């Protein structure tokens, strides 16, 4: 139960949105609310597209302003959030093992055979990842990603 709770707290929504599947002009919602701005218009357009299935139809058949040619992008923050388990995570990284450390590895998709190296790498870089007791979640996560990118076998998990 504790592992489930830890894992469920790791992902946080970001306020930034990806380029929409099907493209930025895809669906009747975009057509009906064209030119409007703000969260309300975007939500109603999204609901219109989702409730009628017209965006899915458009992507399948190339209609409704939809296309599947371009690559999807994401311009938001990383989706891992250790803020709710920061104390336990820092203790686990200091020890080089533990449930919070394993939960972070799993949430990043680290394969079972790479988790020992993941734990060791973070442990060996503890002082950089947690430079003080006041280290912010943003600092911890961004530094952890830098450290993992520098380890050839682990870089694939944060690229």
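Residues checked against (1) buried (at least 18 other Cβ atoms within 10 Å of the Cβ); (2) part of a helix (DSSP H, G or I); (3) touching a strand residue (DSSP E or B) at 6+ places or on another chain (Cβ under 6 Å); (4) not assigned by TED's automatic domain parsing to the domain that holds residue 29:
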site: 67; (1), (2), (3), (4): no, no, no, no
site: 85; (1), (2), (3), (4): yes, yes, no, yes
site: 88; (1), (2), (3), (4): no, yes, no, yes
site: 97; (1), (2), (3), (4): no, no, no, yes
site: 113; (1), (2), (3), (4): no, yes, no, yes
site: 132; (1), (2), (3), (4): no, no, no, yes
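Touching a helix residue (DSSP H, G or I) at 6+ places or on another chain (Cβ under 6 Å), within 16 Å of residue 86 (Cα to Cα) and at pLDDT 90 or above, is that true of residue 135?
For residue 135, the condition - touching a helix residue (DSSP H, G or I) at 6+ places or on another chain (Cβ under 6 Å), within 16 Å of residue 86 (Cα to Cα) and at pLDDT 90 or above - is not met.
Residues in segment 69-80: is at least one over 30 Å from residue 29 (Cα atoms) and touching a helix residue (DSSP H, G or I) at 6+ places or on another chain (Cβ under 9 Å)?
Yes: segment 69-80 contains one or more residues that are over 30 Å from residue 29 (Cα atoms) and touching a helix residue (DSSP H, G or I) at 6+ places or on another chain (Cβ under 9 Å).
The values are calculated or read from the model by the stated rules, or taken from the named source; none is laboratory data. These figures come from a predicted structure and were not determined experimentally. Cβ atoms come from the backbone with ideal geometry, glycine included; neighbour counts cover every protein chain shown.
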